[in-house]
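Structure in structure tokens, see below.
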Amino acid sequence: MKKILVCEDEDVIRDFVVINLKRAGYDVTDVNCGEEALRVFEEEHGNFDVALLDIMMPGIDGFTVCKKLREKSSTLGIIMLSAKTQEMDKVSGLMIGADDYMTKPFSPSELTARVDAIYRRVCMSFIKPEESPVIESGPFQLNLKSRTVSKNNMLIDLTQVEYQILEYFMNNKNTALDRSSILTHVWGESYVGDEKIVDVNIRRIRMKIEDEPSNPQFIMTIWGFGYKWNEK
């Protein structure tokens, strides 16, 4: 069963989300605060595929819950819910490990499309590939079987979104990839969000793989277009 954790303190919005996700075939557990979200996640031993987290809540806010859940699981799909449209809210959530964000109000179709896209990506993390299990590029090794990346034999802590972006880059070495193609490959053709989500994730990946993130040597920016993986 497709299991989702919904954390939203506004009853009307929470009920709306729960009803529509259940109609879409998801098994939904809903809570009204960050403390309950963390407690339930522990009690269920992390047995959730996706978590929807409201940002502004009394007590523990959504950012803190996101960070703690990401520390416990790299495969959990996390979507942030926000009533604000400020860019910093979106960037902050993505930088601490969220996979996507949605600005309230949103329609049932947008809700299910976003959750379906995240759920498909979570499922992909458990598919074992038939092709060669390792892609090498310079000091990096990407293991297709374990879906992990290491640099100089040191494992890099990545979310599944970050892993998929690196896999796409390393399968297209020295090739300029536009933001749209990266977005489609990782988030799916039905994704209706902002292309800026690509830039934030690239920034996050650089912080993990580059010796000097402000002077990247591997993920190069192609100004006005996108990015390129620089094969050393």
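Condition first: assigned by TED's automatic domain parsing to the domain that holds GLU35, touching a Cys at 6+ places or on another chain (Cβ under 8 Å) and touching a residue at least 60 places away in the same chain (Cβ under 8 Å). Can you find one or more residues in the range 109-120 that meet it? So that I can check it myself, show each step before the final result.
Pass one, the range 109-120, residues assigned by TED's automatic domain parsing to the domain that holds GLU35: 109-120.
Keeping just the survivors that are touching a Cys at 6+ places or on another chain (Cβ under 8 Å) gives none.
No, the range 109-120 contains no residue that is assigned by TED's automatic domain parsing to the domain that holds GLU35, touching a Cys at 6+ places or on another chain (Cβ under 8 Å) and touching a residue at least 60 places away in the same chain (Cβ under 8 Å).
If I ask for residues that are among the charged types (D, E, K, R) and on the phi < 0 side of the Ramachandran plot, which ones from the range 143-194 would you list?
So in the range 143-194, the residues among the charged types (D, E, K, R) come out as 145, 147, 151, 157, 162, 167, 173, 178-179, 189, 194.
Matches in the range 143-194: LYS145, LYS151, ASP157, GLU162, GLU167, LYS173, ASP178, ARG179, GLU189, ASP194.
Evaluate the range 69-80: report whether one residue or more is more than 20 Å from THR29 (Cβ to Cβ), of a type in the set (Gly, Ala, Ser), out of contact with any Pro (no Cβ under 7 Å at 6 or more places or on another chain) and surrounded by fewer than 19 Cβ atoms within 10 Å (Cβ to Cβ).
yes
Is it the case, given these coordinates, that VAL12 is surrounded by fewer than 17 Cβ atoms within 10 Å (Cβ to Cβ) and of a type in the set (A, V, I, L, M, F, W, C)?
Against the criterion (surrounded by fewer than 17 Cβ atoms within 10 Å (Cβ to Cβ) and of a type in the set (A, V, I, L, M, F, W, C)), VAL12 qualifies.
Report yes if some residue within the range 58-67 is within 19 Å of ALA117 (Cβ to Cβ) and either within 17 Å of the chain's Cα centre (by Cα) or surrounded by fewer than 22 Cβ atoms within 10 Å (Cβ to Cβ) (or both); otherwise report no.
The initial filter retains those residues of the range 58-67 that are within 19 Å of ALA117 (Cβ to Cβ), namely 66.
Filter once more, keeping what is either within 17 Å of the chain's Cα centre (by Cα) or surrounded by fewer than 22 Cβ atoms within 10 Å (Cβ to Cβ) (or both): 66.
Looking for residues that are within 19 Å of ALA117 (Cβ to Cβ) and either within 17 Å of the chain's Cα centre (by Cα) or surrounded by fewer than 22 Cβ atoms within 10 Å (Cβ to Cβ) (or both), one finds at least one in the range 58-67, hence yes.
From (1) modelled with pLDDT of 95 or more; (2) farther than 30 Å from SER107 by Cβ, pick out the condition that doesn't hold for ILE202.
In the conditions (1) modelled with pLDDT of 95 or more; (2) farther than 30 Å from SER107 by Cβ, ILE202 misses (2) alone.
Residue by residue through the range 56-83, note down the ones that are part of a loop (DSSP other than H, G, I, E, B), out of contact with any Gly (no Cβ under 6 Å at 6 or more places or on another chain), over 19 Å from LYS3 (Cα atoms) and hydrophobic (A, V, I, L, M, F, W, C).
Within the range 56-83, MET56, ALA83 meet the criteria.
In the range 213-232, what residues are at pLDDT 95 or above and charged (D, E, K, R)?
Answer for the range 213-232, where residues must be at pLDDT 95 or above and charged (D, E, K, R): just LYS228.
Also, I was wondering about something else. If you check every pair at least six apart or on different chains, which have Cβ atoms under 8 Å apart with a residue in the range 147-168 that is closer than 19 Å to LYS67 by Cβ first and a residue that is at pLDDT 90 or above and of a type in the set (Gly, Ala, Ser) second?
Going by the 8 Å Cβ cut-off, the qualifying pairs are ILE156/SER150; GLN160/GLY77.
Across the range 208-222, which residue is nearest to LYS232 (Cα to Cα) among those that are of a type outside the set (A, V, I, L, M, F, W, C) and touching a strand residue (DSSP E or B) at 6+ places or on another chain (Cβ under 8 Å)? Give the steps one after another, and end with the answer.
Within the range 208-222, the first condition is being of a type outside the set (A, V, I, L, M, F, W, C), and the residues that meet it are 208, 210-217, 221.
Pick out the ones that are also touching a strand residue (DSSP E or B) at 6+ places or on another chain (Cβ under 8 Å) and you get 208, 210, 221.
Details: LYS208: 18, GLU210: 13, THR221: 16 Å.
The selected residue is GLU210.
The values are calculated or read from the model by the stated rules, or taken from the named source; none is laboratory data. Quantities reported herein were computed from a predicted structural model and do not represent experimental measurements. All Cβ positions, even for glycine, are placed from backbone atoms using ideal geometry, and neighbour counts span all protein chains on display.
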